[in-house]
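K.L.:
To start, I am sharing the structure in question, which I have written as structure tokens.
Any read-out appearing in this document is the output of simple, stated calculations on the displayed coordinates, not a laboratory observation. Here the structure is a predicted model, which is why all the values come from computation and not from measurement. Virtual Cβ from ideal backbone geometry, glycine too; neighbours counted across all protein chains shown.
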Amino acid sequence: MYELAVIGGGPAGLAAAYSAYQNGLRNIVILERDKELGGILNQCIHNGFGLHRFKEELSGPEYAHRFIEMLKDTSVEVRLDTMVIEITDDKKIFINSPKGYECIEAQSIVLSMGCRERTRGAISIPGTRPSGVFTAGAAQRYLNMEGLMAGKRVVILGSGDIGLIMARRMTLEGAKVLACVELMPYSGGLTRNIVQCLDDFGIPLYLSHTVTEIRGDKRLEGITVMKVDENRQPIEGTEMDFDCDTLLLSVGLIPENELTREAGIAMDPKTNGAFVFENMETSIEGIFACGNAVHVHDLVDFVSAESERAGAAAAEYVKNGASDSEVIEIVNGADVGYTVPQKLHRNTKAEKIDVFFRVRRVFSKSRVVVSSGDTEIAVFKKAFMVPGEMQHLVIPTDKLRDFDTITVTAQEA
Amino acid sequence: MTELTCIGCPLGCRLTVDEENDYAVTGNSCKKGAEYGKNELKNPTRVLTTTVNAEGGIHGRCPVRTEAPIPKAMLFDAMKVLSEVTVKAPVKCGETVLEDILGTGVNVIATRDL
Amino acid sequence: MYDVAIIGCGITGASIAYRLSRFDLKTVVIEKENDVAMGATRANSAIVHAGYDPEENTLMAKLNVRSVELTKELCKNLSVPYAQIGSLVLAFSEEEAQHIEKLYKRGINNGVEGLRVLSAEETKEKEPFVSDDVVCSLYAPTAAIISPWEYALALAETAVVNGTQIMFSSEVSDIKKTDEMFVIRAGEKEIKAKTVINAAGVQADRIHDMVLPHEFEIIPNKGAYFILDKCEGTRTKHVVFQCPNKDGKGVLVSPTVHGNLIVGPNAVPSERYDTSAKLSDLVFVKRKAIKSVPSVDFRTNIKNFSGVRPNSTESDFIIKSTDGFIDVAGIKSPGLASAAGIAEYVEQLMCNSGIRLSEKTSYIKDRKQIRFKELSHEERKKLVESNPLYGRVICRCETVTEGEIVDAIHRPIVPRTVDGIKRRCGAGLGRCQGGFCGPRVVEILSRELKVDREEIAKDRDVSYILKRRER
């Protein structure tokens with residue numbers, strides 16, 4: 001019986017395992033489906049990782065490398081090429097690997113499966129179904145891991161960071177990126193990526209536009225792009241045709257949670273991840289979740305920080321058992337899309353609570369109000385908030401303990 | 001006069017830089033913006049990240065980056081140079097795979113073990 | 001010289017090939033595309049209809065009802081995903097309730113078993129999520145769901161095991177009839193056969209006209225679908241239809257054998273190979289589906305597709321024999337449901353026209369396929385011990401292992417495309433639509449077939465996935 005089984009050896013799993021080790025657990029296993037640790041970081045060869053965590057700019061593989069190196073001097077067992085097939089609410093884990101199909105047991109579990117990309121289906125793009133339509137991440141894997149090009153004349157739908165990064169990457173590799181098309185009136189990616197991945201190469205960004213038709217019987221031959229109105233409906237007469245062989249989709253990420261659901265863990269429909277407490281515990285005692293499996297982060301640095309809390313909490317659980325506490329609920333107020341955590345243990349030992357959330361629209365000078373009923377508990381001033389940027393509040397726990405529900409609201413200043 | 005977007009923070013200020021007036025920056029909200037605007041026009045540089053051919057490892061490509069930023073205008077030439085490079089496993093993360101790329105004085109390093 | 005040449009390897013051609021493969025006949029199937037089931041067979045509602053829909057005394061009625069049991073048996077023997085979950089036709093008005101009565105009577109006349117008209121309450125009991133506006137429904141317990149492409153593949157593969165030949169990427173351009181045979185031109189190939197069976201789907205009128213005077217026309221008509229993620233797969237328990245009207249059978253909502261929810265289709269005139277969908281098609285399907293089951297969550301959509309029905313100028317199936325040339329044309333809905341009966345009927349036609357059909361001394365009628373996901377823990381353990389490739393999950397959405405993919409590649413009909421793998425073992429069928437497993441499937445195909453990854457197509461010939469890099 002393991003003290004802790006970590007499902008997924010990407011940045012979240014690595015940080016959780018290391019933190020659990022630092023907090024005293026010795027019998028830990030990481031279950032990783034790929035043939036190496038690092039998860040999606042291995043294909044994110046661009047730089048910009050680690051500014052918060054390591055105070056320097058690293059590429060994805062370098063960031064992963066740092067954590068992999070840390071684990072080398074520990075007793076953490078790593079099982080590669082191992083896929084978790086099923087977990088049960090009593091913490092049995094069925095795993096499959098070329099070495100065998102087996103059931104292992106653990107006193108605690110950390111769910112760190114990461115996320116997956118939304119596909120063409122998720123946004124129902126009309127037209128034919130040729131080859132040449134890829135999620136940006138799939139094209140990235142082909143190019144960065146296998147040295148294979150998805151195409152030569154490219155349009156990118158969605159201005160999320162992966163799409164922007166791929167615009168630059170494909171351009172540097174000799175493809176012509178014709179445009180980046182974004183449904184919303186603002187970009188979903190970091191400003192820095194818009195400048196360095198699009199502006200640097202003269203790639204136009206069409207905001208409030210979408211792809212309305214895909215053409216080609218075999219390989220993609222072209223697409224139609226149209227401007228959309230405020231209800232995101234295409235406006236007649238704004239058709240622009242692009243002659244392209246490749247369409248990359250960067251239209252959002254969804255936490256990967258089939259195992260979570262099947263184990264009967266309560267899910268938040270807003271995040272598509274598990275409901276979690278401040279210590280990243282889920283609705284099942286001793287099962288924790290962290291990273292993009294809980295909610296999609298912008299920066300891996302925050303994934304690591306969150307996962308370290310999950311790992312520490314798993315260690316605490318193994319050593320001292322469940323926390324047996326009353327629950328404080330965090331409620332989404334106006335213009336707040338979701339919060340993580342969604343719940344707090346009233347008797348938590350943590351002195352401060354990290355609350356992450358996303359706003360639903362663009363705010364310039366604004367305030368974030370943490371309240372309960374008519375009581376304002378804390379107010380945070382923000383110069384600028386966009387849905388693409390995860391917000392982070394740190395609230396002293398003692399300010400919250402007396403309330404049953406806490407509401408987080410975004411307001412114009 | 002050149003317009004550009006500041007990348008110093010999420011605010012993304014629209015900067016205007018006046019090349020003829022000692023690269024004076026307007027439109028910025030903070031000092032970082034002024035500095036960024038000036039550098040971006042006088043000597044824009046970027047860190048280049050890409051992959052090189054790899055033999056004998058678990059992958060056929062090895063990710064690399066320039067150890068420091070290189071002039072933006074050299075990116076495509078640097079890509080051409082790197083397309084000729086092959087590394088042989090074992091490779092250590094941080095190991096130099098090409099010294100002094102295009103006379104910039106900047107080395108290209110591997111960004112993973114292979 | 002072949003005894004029989006079957007043109008087209010959709011469900012009709014494959015069913016006939018399977019049926020004939022137990023006889024001492026030299027049979028060839030000539031297929032335009034690079035795989036089995038590339039037309040209407042892979043893009044339809046995937047339903048084995050009970051048989052109350054076709055007008056009495058039609059070939060359609062007879063063959064549909066006859067096929068209900070045959071199909072069930074075939075699926076069992078050939079390891080094809082199939083589930084007899086029953087169907088409901090919903091009525092939303094008095095007028096539609098009368099239509100339900102009519103369908104009930106017609107079904108009884110057609111010989112459909114177990115039909116019942118359910119009250120609104122009984123309907124709700126069976127399907128809690130249907131609209132409150134339902135007045136009554138027709139319940140048909142013998143209706144089933146099936147994996148149509150796996151059904152066609154299983155039939156074709158087994159035919160091949162029994163000696164049938166299949167020529168892919170071979171489009172028939174001309175057929176000449178001489179006194180004792182037909183000479184078929186398909187690309188570079190010239191194929192001679194004593195009997196020709198025209199199972200060419202949307203091309204059946206063109207094939208017919210190569211040999212016989214013009215008699216009928218195919219009027220292609222397409223419909224669009226949604227496939228929703230498995231979290232919506234239990235939204236309904238039965239196939240939920242609406243009352244047929246002038247626009248066709250209406251939009252259905254049904255679980256699939258793979259655990260998803262299928263929603264569709266609409267019906268619009270189309271070109272023969274036009275499987276594109278317009279925004280208006282998708283909007284129409286959504287609107288209609290919500291009328292039946294208001295809570296269907298379209299945000300969980302993982303895929304849209306469209307299929308082309310080979311409707312014809314005749315209302316019934318066109319199945320007849322003329323001097324050694326057998327038309328099996330206009331096989332629109334319930335074509336999939338009737339395929340087994342159609343094959344049996346074609347066999348009778350051949351018999352009647354004096355062709356000697358003698359059974360081989362031995363032939364194979366069963367087929368086994370390993371599906372890791374469906375096994376018990378104990379069976380999985382044994383399987384992985386027997387071959388470690390079953391220990392590596394490649395498609396995580398559908399839990400498909402490398403062993404199953406390699407099995408698929410080495411089956412009697414070799415898939416050469418990523419979608420060919422998907423049809424055989426389900427890799428890429430799930431919620432990420434091959435985003436994760438696509439590159440790995442390309443790698444495995446390239447390794448097993450010993451071709452460059454750039455040579456691997458997604459689907460139809462030359463639908464390449466990757467571009468060669470210029471160095």
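K.L.:
Would you mind getting the Kirkwood hydrodynamic radius of segment B:2-42 from its Cα pairs, rounded to one decimal in Å?
P.N.:
9.6 Å
K.L.:
Sticking with this structure for a sec: Please count, across segment A:256-398, the pairs of lysine residues with Cα atoms under 18 Å apart that sit 8 or more places apart or on different chains. List each step's numbers first, then the result.
P.N.:
On the way: A:Lys270/A:Lys343; A:Lys319/A:Lys349; A:Lys343/A:Lys352; A:Lys365/A:Lys381; A:Lys365/A:Lys382.
Summing the qualifying lysine pairs gives 5.
K.L.:
Let me know the shape class of segment C:44-135, please: from the alpha-carbon gyration tensor, a ≥ b ≥ c as square roots of the eigenvalues, rounded when a/c is under 1.5, otherwise prolate if a/b is greater than b/c, or oblate.
P.N.:
Details: a/c = 2.62, a/b = 1.40, b/c = 1.87.
Oblate, since a/c reaches 1.5 and b/c is not below a/b.
K.L.:
A further question follows. In nanometres, what is the gap between the two model label sites at A:Arg66 and A:Lys349, each 7 Å from Cα along Cα-to-Cβ?
P.N.:
2.7 nm
K.L.:
Moving on to the next point. Defining a contact as two alpha carbons under 8 Å apart and six or more residues distant in sequence, what relative contact order in percent does chain A show?
P.N.:
After rounding, I find 15 percent.
K.L.:
What distance in nm separates the two pseudo spin-label positions at C:Leu212 and C:Asn245, each 7 Å out from Cα along the beta-carbon direction?
P.N.:
3.7 nm
K.L.:
Next question. In degrees, nearest 10, range 0 to 90: what is the angle between the Cα axis of helix A:60-72 and the longest Cα principal axis of chain A?
P.N.:
Orientation of helix A:60-72: about 20 degrees from the principal axis.
K.L.:
Compute the angle between helix A:300-320 and the longest alpha-carbon principal axis of chain A, please, reported from 0 to 90 degrees and rounded to the nearest 10.
P.N.:
Rounded to the nearest ten degrees, it is 20.
K.L.:
Using a Gaussian network for chain A with springs between C-alpha atoms less than 10 Å apart, which of these wobbles most: A:Ala322, A:Ala383, A:Ala15?
P.N.:
Looking only at A:Ala322, A:Ala383, A:Ala15, the biggest GNM fluctuation is shown by A:Ala383.
K.L.:
Nearest 10 degrees, 0 to 90: what angle lies between the long axis of helix A:11-22 and the longest principal axis of chain A (Cα atoms)?
P.N.:
20 degrees
K.L.:
Say we join alpha carbon atoms closer than 10 Å with springs in a Gaussian network model of chain A; which of A:Ala314, A:Ala293, A:Ala266 then has the biggest fluctuation?
P.N.:
With Cα springs under 10 Å in chain A, the top fluctuation among A:Ala314, A:Ala293, A:Ala266 is at A:Ala266.
K.L.:
Taking 25 Å as R0, compute the FRET efficiency from the Cβ-Cβ separation of A:Glu412 and A:Arg232 and round it to 0.05. If you can, show how the numbers build up before the last one.
P.N.:
Numbers: r = 23 Å, r/R0 = 0.93.
That gives a FRET efficiency of 0.60.
K.L.:
Quick one: Kirkwood hydrodynamic radius for segment B:49-110, alpha-carbon pairs, angstrom, one decimal?
P.N.:
Computed over segment B:49-110, the radius equals 11.6 Å.
K.L.:
Tally Lys and Arg at +1 and Asp and Glu at -1 over the other residues with C-beta under 13 Å from the C-beta of A:Ala334: what net charge comes out?
P.N.:
Surrounding charge for A:Ala334 is +1.
K.L.:
Can you list the HN-Hα couplings for segment C:26-38, worked out from phi with the Karplus curve (6.51, -1.76, 1.60; θ = phi - 60°), rounded to whole Hz and with x for Gly and Pro?
P.N.:
Working through the residues one at a time gives 9, 10, 10, 10, 10, 10, 5, 8, 8, 7, 6, 6, 8 Hz.
K.L.:
Please list, in chain and number order, the residues 5+ apart from A:Arg219 or on another chain whose amide H is under 5 Å from its amide H, with Hs placed from the backbone.
P.N.:
A:Ser131
K.L.:
Let me ask something else. Taking a point 7 angstrom from the Cα of A:Ala383 along the C-beta vector, which residues in segment B:16-54 have backbone N less than 19 Å away?
P.N.:
B:16-17, B:25-40
K.L.:
Kindly identify chain A as rounded, prolate or oblate by the Cα gyration tensor criterion: order the square roots of the eigenvalues as a ≥ b ≥ c, call it rounded if a/c is under 1.5, otherwise compare a/b with b/c, prolate if a/b is larger, else oblate.
P.N.:
Verdict is oblate for chain A.
K.L.:
Rounded, prolate or oblate: which fits chain C when a ≥ b ≥ c are the square roots of the eigenvalues of the alpha-carbon gyration tensor, with rounded for a/c under 1.5 and prolate only if a/b beats b/c?
P.N.:
Oblate is the answer for chain C, as a/c is 1.5 or above yet b/c matches or exceeds a/b.
K.L.:
Quick one: 3J(HN,Hα) in Hz for segment A:329-344, Karplus 6.51/-1.76/1.60 with θ = phi - 60°, rounded, Gly and Pro as x.
P.N.:
Calculated HN-Hα couplings, in order: 9, 9, 10, 7, x, 4, 6, 9, x, 6, 10, 9, x, 9, 9, 10 Hz.
K.L.:
Which whole-Hz couplings ³J(HN,Hα) result when phi for each residue of segment C:433-441 is put into the Karplus expression 6.51 cos²θ - 1.76 cosθ + 1.60, θ = phi - 60°, listed in order with x for Gly and Pro?
P.N.:
6, x, x, 7, 8, x, x, 6, 5
K.L.:
Here's something else I'd like to know. Determine how many Å³ per residue the convex hull of the Cα atoms of the protein assembly as shown encloses. The partial results should precede the final answer.
P.N.:
Values: hull volume 183.8 nm³, N = 998.
Cα-based convex hull of the protein assembly as shown, divided per residue, equals 184 Å³.
K.L.:
For a quick check: with amide H placed at 1.01 Å from N, whose amide H comes under 5 Å from B:Ala54's, ignoring anything fewer than 5 positions away on the same chain?
P.N.:
Residues meeting the criterion, in which the H sits 1.01 Å from N, are B:Arg61, B:Cys62, B:Val87.
K.L.:
A further question on this structure: To make sure I understand the rule: partners must be lysines, Cα under 27 Å from the Cα of C:Lys124, and not fewer than 8 residues away in the same chain. Which ones qualify?
P.N.:
Cross-link targets: C:Lys102, C:Lys105, C:Lys230, C:Lys237, C:Lys246, C:Lys249, C:Lys286, C:Lys288, C:Lys291.
K.L.:
Which ordering of A:Phe242, A:Phe49 is given by a fewest-first count of other beta-carbon atoms within 10 Å?
P.N.:
A:Phe242, A:Phe49
K.L.:
Counting other Cβ atoms within 10 Å of each Cβ, which GluC sites (Glu not before Pro) in segment C:1-81 have at most 13 and sit in a DSSP loop?
P.N.:
C:Glu55, C:Glu56
K.L.:
Once the piece of chain linking C:Met167 and C:His377 is laid out straight, how much longer is it, given 0.36 nm per residue of separation minus the C-alpha distance between them?
P.N.:
Length gained between C:Met167 and C:His377: 71.6 nm.
K.L.:
How high is the relative contact order of chain C, given as a whole-number percent (alpha carbon pairs under 8 Å, six or more residues apart)?
P.N.:
Over chain C, the number comes to 19 percent.
K.L.:
Then there is this: If each of A:Asp324 and A:Asp199 carries a label point 7 Å out from its Cα toward its Cβ, how far apart are those two points in nm?
P.N.:
About 5.8 nm, to one decimal.
K.L.:
Another question, then. Give me, ordered by chain and number, the residues 5 or more places off C:Gln242 or on other chains with an amide H under 5 Å from its own placed amide H.
P.N.:
Sorted by chain and number, the residues that satisfy this are C:Leu90, C:Val251.
K.L.:
Of A:Gly216, A:Gly373, A:Gly264, which is the most mobile in a GNM of chain A whose springs link Cα atoms less than 10 angstrom apart?
P.N.:
Answer for the Gaussian network model of chain A: A:Gly373.
K.L.:
Distance between Cα centroids, segment B:1-74 to segment C:222-292: provide it in whole Å.
P.N.:
Cα centroid of segment B:1-74 versus Cα centroid of segment C:222-292: 50 Å apart.
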